[in-house]
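Notes follow the structure.
Derivation of every value follows stated rules applied to the coordinates shown; laboratory data play no part. No experiment lies behind these values; they were computed from the predicted model shown. FYI the Cβ positions are ideal-geometry reconstructions off the backbone, even for glycines, and counts take in every protein chain you see.
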Amino acid sequence: EDQVTQSPEALRLQEGESSSLNCSYTVSGLRGLFWYRQDPGKGPEFLFTLYSAGEEKEKERLKATLTKKESFLHITAPKPEDSATYLCAVQTFSGGYNKLIFGAGTRLAVHP
Amino acid sequence: EAQVTQNPRYLITVTGKKLTVTCSQNMNHEYMSWYRQDPGLGLRQIYYSMNVEVTDKGDVPEGYKVSRKEKRNFPLILESPSPNQTSLYFCASSFLEGGGDSPLHFGNGTRLTVT
């Protein structure tokens, strides 16, 4: 069964304290892996797409990496405005169409 | 401004009273989809539409209906809501099936409570 698992469920960091969020997946055929950011009371916002193992993408303090079984979202020197829930989604081909499977997310809180 | 608009943002109703949640996008996207978000479960797809008059079931379609009569609109209909449909609902759209270089654009959600 296709599955996406994110860890930890919640993470509390001090401002400037770097860390990583994990997204592990088990799917029959990976077409792409996506990271989204979700702020309270809002819909998810797209951050990155990764297609193949070894690929990396960066945006400000965030860097996403991909292996054959997992992806990491590295946060370098985070600021309070980075506090949000980060969602990982994997695209696979199932039932004749491209299907997105979302993880449950990691709630990140960055304190000054 | 490019956006997906859902209404209402909050809705409290009683069991069995039919309701509709509207969704509209202004980006000329072919693909639209409805998700529900529950704690610990992530986003689960209810229904999706590849284009006008083309809709199909997602992972959790029971108790829901949709229609796609115009490209920009994709309403979600609960004919007889039950308490287990209490959830946070998101509408999303994209040019393709939410992947590749055409990621999903999400609305800001509708929080539904069924008592």
Taking the dipole of the protein assembly as shown about the Cα centre (Lys, Arg +1; Asp, Glu -1; charges at Cβ), the one of B:Pro75, A:Phe48, A:Asn98 that reaches farthest to the positive side is B:Pro75
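What is the gain in length, in nm to one decimal, between B:Lys57 and B:Arg111 on full extension, counting 0.36 nm per residue of separation less the C-alpha to C-alpha distance? Can you show the working numbers first?
Details: separation 54, 0.36 × 54 = 19.44 nm, distance 2.14 nm.
Using 0.36 nm per residue and subtracting the Cα-Cα distance, I get 17.3 nm.
About its Cα centre, what dipole magnitude does the protein assembly as shown give when the only charges are +1 on Lys and Arg Cβ and -1 on Asp and Glu Cβ, stated in debye to the nearest 20?
Details: 25 positive and 25 negative charges, 108 e Å.
Here the size comes out at about 520 debye.
If a/c stays under 1.5 just call it rounded; otherwise compare a/b with b/c (prolate if a/b is bigger, oblate if not). Do that for segment A:27-112, with a ≥ b ≥ c from the square roots of the Cα gyration tensor eigenvalues.
Numbers: a/c = 2.71, a/b = 1.59, b/c = 1.70.
Oblate, because a/c is 1.5 or more while a/b does not exceed b/c.
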Starting from the Cα of A:Lys42, draw a straight line to each of the lysines and keep only those under 19 Å, dropping any in the same chain fewer than 8 residues away.
none
Averaged over B:41-54, how many beta carbons belonging to a partner chain fall within 10 Å of each residue's beta carbon?
3
Surpassing 30 Å at the alpha-carbon level, of the pairs A:Lys57/A:Lys99; B:Lys18/B:Lys69; A:Lys63/A:Lys99; B:Lys17/B:Lys69; A:Lys59/B:Lys71; A:Lys57/B:Lys65, are A:Lys59/B:Lys71; A:Lys57/B:Lys65
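Take the alpha carbon gyration tensor of the protein assembly as shown, find the square roots of its eigenvalues, order them as a ≥ b ≥ c, and report rounded if a/c is under 1.5; if not, report prolate when a/b exceeds b/c, else oblate. Show your work: numbers first, answer last.
On the way: a/c = 1.86, a/b = 1.45, b/c = 1.28.
Here the protein assembly as shown falls in the prolate category.
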Aspartates and glutamates within cross-link reach of A:Lys68: Cα-Cα under 12 Å, excluding same-chain residues under 8 positions apart?
A:Glu55
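Sorting A:Glu60, A:Glu9 on the 10 Å Cβ count, fewest up front, what's the list? Mind showing how you got there, number by number?
Working: A:Glu60 9, A:Glu9 12.
Ascending Cβ contact count within 10 Å gives the list A:Glu60, A:Glu9.
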Surrounding net charge for B:Val4, when Lys and Arg each add one and Asp and Glu each subtract one, Cβ distance under 12 Å:
0
Looking at B:Val14, B:Gly107, B:Val4, which one has the Cα that reaches farthest to the positive end of the dipole of the protein assembly as shown (charges on Cβ: Lys, Arg +1; Asp, Glu -1)?
B:Val14
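Apply the a/c threshold of 1.5 to the C-alpha gyration tensor of segment A:23-63 and tell me whether it is rounded, prolate or oblate.
oblate
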Points 7 angstrom from Cα along the Cβ direction at A:Glu1 and B:Ser67: gap in nanometres?
3.5 nm
